[in-house]
Amino acid sequence: MKTETQLELLDRIMAHRASGRDQDNTDVAPSSLSIQTGEYTDRVRYEAELDLLSRHPQLVGLSGLVPEPGSYASVQVGRVPVLVTRADDRQVRAMANVCRHRGAQVVEGCGSIQRLRCPYHGWTYHLDGSPAGRRRDRYFDDIDPVGLVELPCRERDGLIWVAGDQGAEIADQPLHGAEIEVAPFDLARYRRIATTRFRRPLNWKLAVDTFCEAYHVGSLHAESLDPLIHSDFALFDSFGPHGRMIAVRRSIGELDRLPRLQWRLVPHATILWFVQPNTVLIYQQDHAELYRSRPGDRPGDAVLDVELYAPSDDHRSERYWQRNFEVLVSVTDNEDFTTAAGMQTGFEAGVIDTVTIGRNEPALQHFHVGLDALLSTPKQG
Ligand code: FES
Ligand SMILES: [Fe+2]
């Protein structure tokens, strides 16, 4: 993030800090917003969201997901099992992780390999998805071997985007202009250090919701995060359907002793982009976190993939990062997801029809309004 941008954002934060108790001291939306609890429980809505996630471009990882030629990783994009590779030409590609023989998933997890090899009958593919070999080739007399089904994919500013629909287009600026502030972080040089998957009894959107406001920090995270992060002074800016929220660390007070031109935002903030439809990218001081949430088997079932990336020239030990990652995910799981699972139980009990998103939760409002807009956009082609 450029220094001028950091200073402009800090000016806004400082204005919030200077506000009296009876004034707004955080970025606000014009009004509060009611949403139907059915959005978290309704089966028709759930299917529509799965359709959207299957066709709309998604941020699936940082470039470090497939760091070098020979790297591959499997990811789920809505209903579509996807395989992401980086071939010898260094280009990132995505293809359906569905073998052209009889449909088995060609790879699981991630790694580095010369040829992709389907575990079922051993057909092989090059990393660009083209066919490499067919065991007992003479038994397949009808057609030439075919490659894996290629899917739209784009790597930009250290981020990898994939769509599960062959006909989808990934825009040149999929972050809708936030590229300009993400690019200086040089995320392309980050490596993936740790990853985990949660499956929890909550709607997939609740896992995104919890990242889209800092309001809850002072209460839900009173013991864990509140000593470090303010509940107030948060900033929100929209980038098309996406948004960026900045939560302010208590260390911000250190800037009071410095002239404005020496101020820097990054050490004193958690910078979070929620990227429609289902990804949250968080930049913190010395690392980046990626959260990808998706529907499981029913509206009240979410699968969440969490990844931690750090600059490749950071030489702190694996143990250091693993420990940090464990603390990070345990707060999120024990506090946020436990609360969200309780919310899901209440929604499914049908006791209340609506919930309210306050004026002080503008990012969360934008996530829901933006998602609704995407859901009502007719499918292309
Ligand atoms: S399904 Fe892949 S080789 Fe048979
Ligand atoms: Fe939280």
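The values are calculated or read from the model by the stated rules, or taken from the named source; none is laboratory data. Just so you know, these numbers come straight off a predicted model, no measurement behind them. For neighbour counting, all protein chains shown are included, and Cβ atoms are generated from backbone atoms with ideal geometry for every residue, glycine included. Accessible surface is based on the protein model in full, side chains and every heavy atom, while ligands, DNA and RNA are left aside. Shrake-Rupley method; radii C 1.70, N 1.55, O 1.52, S 1.80 Å.
Among the chymotrypsin sites (Phe, Trp or Tyr not before Pro) in region 278-352, which ones are in a DSSP loop with at most 14 other Cβ atoms within 10 Å of the Cβ? Mind listing them?
Hits after loop and neighbour filter: nothing returned.
Rounded to the nearest 20 Debye, what is the dipole magnitude of the chain about its Cα centre when Lys and Arg each give +1 and Asp and Glu each give -1 at the C-beta?
Computed about the Cα centre, the dipole is about 1060 debye.
Restricting attention to the chain, give the cysteines that have no other cysteine Cβ less than 4.7 angstrom from their Cβ.
Within the chain, the cysteines lacking a partner Cβ under 4.7 Å are Cys110, Cys153, Cys212.
Roughly how many percent of the accessible protein surface of region 60-162 is carbon and sulfur, given a 1.4 Å probe and a whole-percent answer?
Of the solvent-accessible surface of region 60-162, carbon and sulfur hold 43 percent.
Any chance you could give the angle, 0 to 90 degrees and rounded to 10, that helix 362-376 forms with the longest Cα principal axis of the chain?
40
Considering only protein heavy atoms and a probe of 1.4 Å, how much of the accessible area of region 277-357 is carbon and sulfur, as a whole percent?
Reported share for carbon and sulfur atoms: 51 percent.
Scan region 255-355 for trypsin sites (Lys or Arg not before Pro) in coil per DSSP, keeping those whose Cβ has at most 12 other Cβ atoms within 10 Å, and list them by number.
Of the trypsin sites (Lys or Arg not before Pro), the ones in loops of region 255-355 whose Cβ has at most 12 other Cβ atoms within 10 Å are Arg316.
Thinking of region 60-162 as a set of Cα atoms, what percent of all their pairs are more than 18 Å apart?
42
Which value, in Å², gives the accessible area per residue of region 229-381 when a 1.4 Å probe is used on the protein heavy atoms?
Result: 42 Å² per residue.
Tell me the label-point distance for the pair Met14, Val146, using the 7 Å Cα-to-Cβ offset, in nm and rounded to one decimal.
Label-label distance for Met14 and Val146, simple model: 6.2 nm.
Under 5 Å between amide H atoms, partner at least 5 residues away or on a different chain: which partners does Phe239 have, H built in plane at 1.01 Å?
Sorted by chain and number, the residues that satisfy this are Arg244.
Rounded to the nearest whole Å², what accessible area per residue is found for region 170-211 with the 1.4 Å probe?
That works out to 40 Å² for each residue.
For region 111-122, take each phi angle, set θ = phi - 60°, evaluate the Karplus expression 6.51 cos²θ - 1.76 cosθ + 1.60, and give the result in whole Hz per residue in order, putting x for glycine and proline.
x, 9, 7, 7, 10, 7, 10, 5, x, 6, 10, x
As an exercise, identify the chymotrypsin sites (Phe, Trp or Tyr not before Pro) in region 82-189 lying in DSSP coil whose Cβ has no more than 16 other Cβ atoms within 10 Å.
Here the chymotrypsin sites (Phe, Trp or Tyr not before Pro) that fit, given the DSSP loop and packing criteria, are Tyr120, Phe140.
Tabulate in residue order the Karplus-calculated ³J(HN,Hα) for region 333-346, using 6.51 cos²θ - 1.76 cosθ + 1.60 with θ = phi - 60°, rounded to whole Hz; enter x for Gly and Pro.
Those phi angles translate into 6, 5, 9, 5, 6, 5, 5, 5, 5, x, 4, 4, 4, x Hz.
Just the number please: accessible area per residue for region 60-162, 1.4 Å probe, all protein chains included, in Å².
49
Got a sec to turn the phi values of region 185-200 into Karplus ³J(HN,Hα) couplings, 6.51 cos²θ - 1.76 cosθ + 1.60 with θ = phi - 60°, whole Hz, x for Gly and Pro?
Using θ = phi - 60°, the values come out as 6, 6, 5, 4, 9, 8, 10, 7, 9, 8, 8, 8, 10, 10, 10, 9 Hz.
In whole angstrom, how far apart do the alpha carbon centroids of region 74-136 and region 296-316 sit?
22
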